[in-house]
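The values are calculated or read from the model by the stated rules, or taken from the named source; none is laboratory data. Note that this is a predicted model, so its numbers are computed, not measured. Cβ placement follows ideal geometry from the backbone for every residue including glycine, while neighbour counts extend to all protein chains displayed. All accessible areas refer to the heavy atoms of the entire protein, side chains included, with ligands and DNA or RNA removed. Shrake-Rupley method; radii C 1.70, N 1.55, O 1.52, S 1.80 Å.
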Amino acid sequence: MDTHQSRGKLIVYQVNTWVWLDAISRQQGSYFDLNSVPDSALDELARPGVSMIWMMGVWQRSPYGRKNALRYKHEYRHALPDLTDDDVIGSAYAIHDYRVDDRLGGNTALANFRRRLAARGLRLMLDFVPNHVSADHRWTIEHPDYIVQGRSEDLIHRPNDFFRLKTVKGELVLAHGKDPYFAGWSDTAQLNVFNPDLRREMTQILTKIAGQCDAVRCDMAMLLFDDVFSSTWRGYVTDRLPTEFWREIIPAVKAQYPEFMFTAEVYWQREYDIIQQGFDYAYDKRFYDRVLVGDVAQIRAHLLANIDYQRHMMRFIENHDERRAYESLGARRSFPAATLICTLPGAALIHEGQLVGRTKKLPVQIKRQPEEPQNRELEAYYSRLFKETCDPVYHEGNFYLFNVNPAGSDPSHNNLLAYGWSIPGDGYRLIVVNLTQHRSIGKIKLDNWNWLDGKTWRLYDVTDGEEYTRHGGEMTHDGLFIDLQPYESHVFRFALTGEPITTAEFSALLDGTR
């Protein structure tokens, strides 16, 4: 495996599997599945810096889920105006079976696909949906005790949360999967995670998944917390089990696959709780919200969290559940936001299409995306950032959040975020970001970096190739003067004057080529 990718920052690249294969097939003029997808398409995924590919939606889709989705075609046309019935495949999160969909090539195709990724230094992430299954999953008929059950009156008073089904135990009222703040998902059935037999089944399924990939992204993972689940289904489920769901499941899987990685989709400020229950990474939704608003003070406060905690965060500015970053942030603000997610502690989640500025958020029930213009300047910027984060300083180094002091009476220093990474004697980085529409100036006192004293340093800016010479004493005592235009960033590499600042491969960095 490529040593840069294994030692540097974890960057997860999310691919909507059906949409990706459809685009390749249309471009090539013939259908491709996971087994036959051309090498050129895999080479495109293997961007320097990217270390894991999340292939979203590989599992068997539900026939009922597709039938249900066809009723909502009118809601999908905002993303794909020329939508046809053939484009509708049902939700990726109403899973009919944890078996790779036959139309994608089945389990054998996935195994071969994984080997081809590994040959390019890439690991594979797949989905796990612990809260629910499709409404026509075999468990709803064969094991209705695995499903939260309701009463006949629920069909009248809560018709969006319950449905009637003929099972091996007779005609029953079953619950749709849901979270406590919304109506049930009409193509799903709610699992009863307080059932010990179900937990054993789920452990076996997840252990089998762990043999097919290197990581899972666990959908709506906080819904499995005892307090959340019992509150959501109060009056419908029995007493809690002795052990929380994740505290039971994760150790059982890691006993067989110790290096297997768990990532949680988690909301409601429950990130710390989910990490305590054994997850390796958790979505950092609060960070996303604060970047979206552009509240620099709140972002800075967010970054004051313990560094060990921050290393477990997965930062993002878009994914399949959120608006496209280029649409929500705008063209110019997309650049400093990219700098943040790529250079802060923790992992970065990058959504396919994010690099080129796609604006249409796709429903997870369709397999085709519209044609859109592609922003090659943004793509080249991401390429430079990705290559930069191959450096082990972003994974092994010490992180510092610096104060930005005023330069005279100008208050615009409050618009700037400044932080750095260091491996003393081996590597130093200083990142300064202006998320605002205002030109901003300030001074950054690097007094924590006293090893800079008494030496003259070259500061090479990865974002644009500019280079500056500064004396160490000036930076540690007086402060490094910064003048950033709206939405501009600096990512400085430090090198002593007279020493080379680039590696043999770094010459490709400026133009964004691979």
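Some observations on this one:
- Verdict on R384 being over 17 Å from the mean Cα position of the chain (by Cα) and free of Cβ contacts under 8 Å to residues at least 40 places away in the same chain: no
- For the stretch 406-422, a residue qualifies if it is in a strand (DSSP E or B) and within 31 Å of the chain's Cα centre (by Cα), and the qualifying residues are L416, L417, A418, Y419, G420, W421, S422.
- Looking only at the stretch 290-349, and only at residues there that are in contact with a Gly (Cβ under 8 Å, 6 or more places away or on another chain), among the aliphatic types (A, V, I, L, M) and more than 23 Å from T436 (Cβ to Cβ), the one that is surrounded by the fewest Cβ atoms within 10 Å (Cβ to Cβ): M313
- Complete set of residues in the stretch 219-253 that are open to solvent by 20 Å² or more (accessible area, probe 1.4 Å), under 29 Å from the mean Cα position of the chain (by Cα), closer than 16 Å to P196 by Cα and among the charged types (D, E, K, R): E244, R247, E248
- Of all residues in the stretch 195-218 being out of contact with any helix residue (DSSP H, G or I) (no Cβ under 7 Å at 6 or more places or on another chain) and outside any helix (DSSP H, G or I), the one that is surrounded by the most Cβ atoms within 10 Å (Cβ to Cβ): C218
- Scanning the stretch 254-276 for residues that are part of a loop (DSSP other than H, G, I, E, B), open to solvent by 50 Å² or more (accessible area, probe 1.4 Å) and farther than 17 Å from D179 by Cα yields Y257, P258, E259.
- Residue selected from the stretch 350-361 under the condition under 17 Å from R217 (Cβ atoms) and assigned to a loop (DSSP other than H, G, I, E, B), by the criterion most open to solvent (accessible area, probe 1.4 Å): E352
- Qualifying helices (runs of 4 or more DSSP H) (wholly inside the stretch 7-75; at least 2 residues being exposed (fewer than 15 other Cβ atoms within 10 Å of the Cβ) and in contact with an Asp or Glu (Cβ under 8 Å, 6 or more places away or on another chain)): 63-70
- In the set (1) under 30 Å from F182 (Cα atoms); (2) free of Cβ contacts under 8 Å to residues at least 24 places away in the same chain, I250 fails one condition alone, (2).
- Applying a threshold of 9 Å to beta carbon distances and a minimum spacing of six or more residues, or different chains, the list of pairs starting in the stretch 71-86 at a residue that is β-branched (V, I, T) and ending at one that is surrounded by 10 or more Cβ atoms within 10 Å (Cβ to Cβ) and assigned to a loop (DSSP other than H, G, I, E, B) reads T84/R368.
- The residues of the stretch 139-161 that are in a helix (DSSP H, G or I), touching a residue at least 12 places away in the same chain (Cβ under 8 Å) and open to solvent by 40 Å² or more (accessible area, probe 1.4 Å), listed by number, are I141, E142, D145, L155.
- Filtered residue count, the stretch 362-398, keeping only those that are part of a loop (DSSP other than H, G, I, E, B) and within 23 Å of N16 (Cα to Cα): 13
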